[in-house]
Structure formats: structure tokens, C-alpha cells
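Here is the structure we will look at.
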Amino acid sequence: MKKVGFAYDDIFLSHKMPQGHPESSQRLVRIIDTLKSKGIWKKLYHLKPRRALEEEITSVHSEQYFERMQTFTGYYDPDTYVSENSFEAALYAAGAVVDAVDRCKNGEIERAFCAVRPPGHHAERDRAMGFCIFNNVAIGARYAQKLGYHKVFIIDFDVHHGNGTQHTFEEDDTVFYFSTHQYPHYPGTGKDTERGKGKGEGYTYNIPMPHGSGDKDYFYAYRDILPRLIMDFRPDIILVSAGYDLHSKDPLSGINVTGEGMRSIIRGIFLRSSLRVIPSIPYIFTLEGGYNLQALGDSVFMTVTEMLED
Ligand SMILES: [Zn+2]
């Protein structure tokens with residue numbers, strides 16, 4: 001069994017949303033309740049996240065943006081609400097990923113799931129967007145490189161394209177960004193012709209999924225295409241933007257992936273049925289979307305179950 005860390009802190013509940021907003025603290029409450037009720041809770045290494053440092057945040061975001069968010073409250077855009085404690089929660093959300101990288105590096109754990117809010121993959125260098133304040137996965141990738149994980153592979157299965165993550169690394173040939181997402185859909189980016197720029201050309205791989213796509217389309221993406229890309233790139237670490245809003249029950253998507261389809265995606269990410277030509281490397285998942293509470297709880301339980309497998 002793999003040593004799997006689970007990063008969570010009650011501070012994530014203090015990032016408050018207006019009544020009726022889909023990105024509510026109930027999402028994390030449901031995840032924790034589900035894992036506890038299934039008994040898997042005791043098999044996990046429970047990690048207390050730390051606050052990300054300013055220099056870690058500004059490895060991806062601008063100084064001006066970081067400073068602005070220290071005092072900002074209210075609606076940043078029509079989707080993205082910032083409450084009194086949101087800045088602090090956002091520092092811990094990024095810090096959870098950074099801390100998980102540290103713990104993989106020192107051998108304490110081999111894989112981690114970071115159950116965080118606010119999510120991150122829409123956050124751009126200079127702005128919050130789409131419920132996201134800081135780009136947790138991108139900050140984690142830069143930190144991993146600082147620790148010597150030179151080549152980072154990011155997988156993003158959220159139903160929305162991770163525009164912020166793509167833009168952060170699109171000119172970089174040391175960070176590979178792979179995304180499947182509904183298209184056309186929010187935020188509008190993620191065409192298959194977006195493949196990176198300059199020396200980063202070929203290190204961005206988008207698979208847009210039309211409305212109504214389902215398990216077999218995702219099987220193709222995660223069992224036929226993704227393993228080959230990972231094996232060609234030979235990453236030192238894999239980070240996953242784990243957004244569960246591609247589930248057929250999710251209110252924010254028109255994608256019809258079932259519970260079994262979700263499991264197939266996770267198995268593809270762990271290269272289950274592929275020739276294992278790369279050695280075992282750390283995997284760190286960080287929560288992005290997922291707005292049907294039952295589907296979210298069940299999917300995270302399934303993910304963590306698969307993470308424990310060798
Ligand atoms: Zn999403």
C-alpha cells in the first residue's frame with residue numbers, strides 16, 4: 001500500500017460564499033464525512049497544511065496582485081467572491097500543495113490529496129477568476145522544481161479548462177500541461193490548437209470535449225493518449241488538478257462521465273494498464289471543482305482508494 005497524505009484544514013471552511021453559491025464549504029464537509037464513514041480515513045497520513053509564503057505565491061502571481069488580495073473583499077468578478085478570511089484560506093490552499101511536495105521529497109509520503117478551497121486553476125498571474133484566487137497547482141509545480149523535481153507533468157480533468165495553469169507554463173518546456181474539458185464552455189480557452197508557445201510548443205495538450213461526451217471519450221483520452229505523453233515526457237513528479245465537475249450529476253457541466261468512468265480516468269493517470277517504463281514518482285492531487293455533493297464525496301473516496309494501490 002502506498003503512503004498517501006491527506007491535506008486538510010478547517011481554515012478552508014472560513015472562505016465564505018454568498019448563499020446559493022455552488023463553491024460552498026459544504027463540499028469539503030461532504031468529502032471529510034464520506035472518507036470518515038468509509039473507514040479509509042485511518043489509512044491516510046493526515047497533513048496539517050502550512051501557509052504559503054509570499055515568494056511562493058509570487059513565483060506564479062504578480063506582486064501587485066498579491067498585495068491587492070490582502071485587503072480585497074467582495075465580488076472580484078461575477079463568479080468569484082472574496083470573503084474576510086479568503087486570503088488566508090487561499091494562502092493555506094497553495095501551502096497545502098507546497099507542503100505535500102515537501103513531504104514527498106523527504107519520503108514521509110508517496111502521494112497526496114489536498115482537499116482545499118478556494119480552488120486554483122482559473123487564477124491568472126494578475127487576477128482571480130472562476131472561484132479561484134491563487135493557482136495552487138501552478139505554485140506547487142514551481143515549488144517542486146525548486147526542490148529538484150525538474151520536470152513536472154500537470155493533468156487537469158476538471159470540466160472547465162485551466163486557463164491560468166496553461167498560461168503560466170505555455171512557454172515552458174519543463175512543465176507539461178494536459179487538460180480535458182468541456183468545450184465550448186467556461187472559460188472559453190482550451191482548443192486543441194493551443195499547444196504551447198516558443199520553446200513550450202508541444203508541451204501543452206488540450207482535449208476539448210463536446211457537450212454530451214462520456215466515459216468512452218474519456219477512456220480514449222486517459223487510457224490511449226495520456227500514458228504515451230507521460231512516458232515520452234518522463235516527469236519527475238505529477239500534479240493533478242482534480243475537478244470532479246465532469247461527473248454526469250454535476251450541475252455545472254454537460255459531460256456525462258459516470259462513477260466508473262471517473263475510476264477509469266484515475267487508473268489512466270496512475271498508468272495502471274500501461275507498460276511501466278517510468279519509475280514510481282510522486283503524485284499530488286489538488287481539489288478544483290465538483291459541485292454535486294454526493295458525486296464529489298464518492299469520487300474523492302474512489303480517488304483516494306486508487307491512490308493507496310501500488
Ligand atoms: Zn470546474
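The values are calculated or read from the model by the stated rules, or taken from the named source; none is laboratory data. Keep in mind that what you see is a predicted model, and the values were worked out from it rather than measured. Here the Cβ is made from the backbone with ideal geometry for all residues, glycine too, and neighbour counts use every protein chain on show. Ligands, DNA and RNA are stripped out before the accessible areas are found, and what is left, the full protein with its side chains, is counted by its heavy atoms. Shrake-Rupley method; radii C 1.70, N 1.55, O 1.52, S 1.80 Å.
Considering only region 66-82, how many residues are hydroxyl-bearing (Ser, Thr, Tyr) and within 22 Å of the chain's Cα centre (by Cα)? Let's see the steps before the verdict.
Initially, region 66-82 is screened for residues hydroxyl-bearing (Ser, Thr, Tyr), giving 71, 73, 75-76, 80-81.
Narrowing the set further to residues that are within 22 Å of the chain's Cα centre (by Cα) leaves 76, 80-81.
Within region 66-82, residues that are hydroxyl-bearing (Ser, Thr, Tyr) and within 22 Å of the chain's Cα centre (by Cα) number 3.
Within the set of pairs 6 or more residues apart or between chains, which connect a residue that is under 14 Å from Pro119 (Cα atoms) inside region 63-87 to a residue that is assigned to a helix (DSSP H, G or I) and open to solvent by less than 60 Å² (accessible area, probe 1.4 Å) with Cβ atoms less than 7 Å apart?
Hits for this filter: Phe87/Met69.
Would you point out the residue of region 233-268, among those that are within 14 Å of the ligand (Cβ to nearest atom) and of a type in the set (S, T, N, Q), that is farthest from Tyr149 (Cα to Cα)?
Ser253
Enumerate the pairs (first residue in region 124-135 and closer than 17 Å to Asp158 by Cα; second residue anywhere and basic (Lys, Arg)) with beta-carbon separation below 9 Å, excluding pairs fewer than 6 apart on the same chain, so at least 6 apart or on different chains.
Phe131/Arg117; Asn135/Arg125
Kindly evaluate Ala100 against the criterion of being within 16 Å of the ligand (Cβ to nearest atom), open to solvent by less than 10 Å² (accessible area, probe 1.4 Å) and either assigned to a helix (DSSP H, G or I) or at pLDDT below 95 (or both).
No; evaluated as a whole, the condition is false for this residue.
May I ask you to list the residues in region 285-302 that are under 18 Å from the mean Cα position of the chain (by Cα) and either over 17 Å from Leu35 (Cβ atoms) or surrounded by fewer than 24 Cβ atoms within 10 Å (Cβ to Cβ) (or both)?
Glu288, Gly289, Tyr291, Asn292, Leu293, Ala295, Gly297, Asp298, Phe301, Met302 - these are the residues of region 285-302 that are under 18 Å from the mean Cα position of the chain (by Cα) and either over 17 Å from Leu35 (Cβ atoms) or surrounded by fewer than 24 Cβ atoms within 10 Å (Cβ to Cβ) (or both).
So, of the residues in region 109-147 that are open to solvent by 20 Å² or more (accessible area, probe 1.4 Å) and not in a loop (DSSP other than H, G, I, E, B), which turns out to be nearest to the ligand (Cβ to nearest atom)?
Looking at residues that are open to solvent by 20 Å² or more (accessible area, probe 1.4 Å) and not in a loop (DSSP other than H, G, I, E, B), I get Met129.
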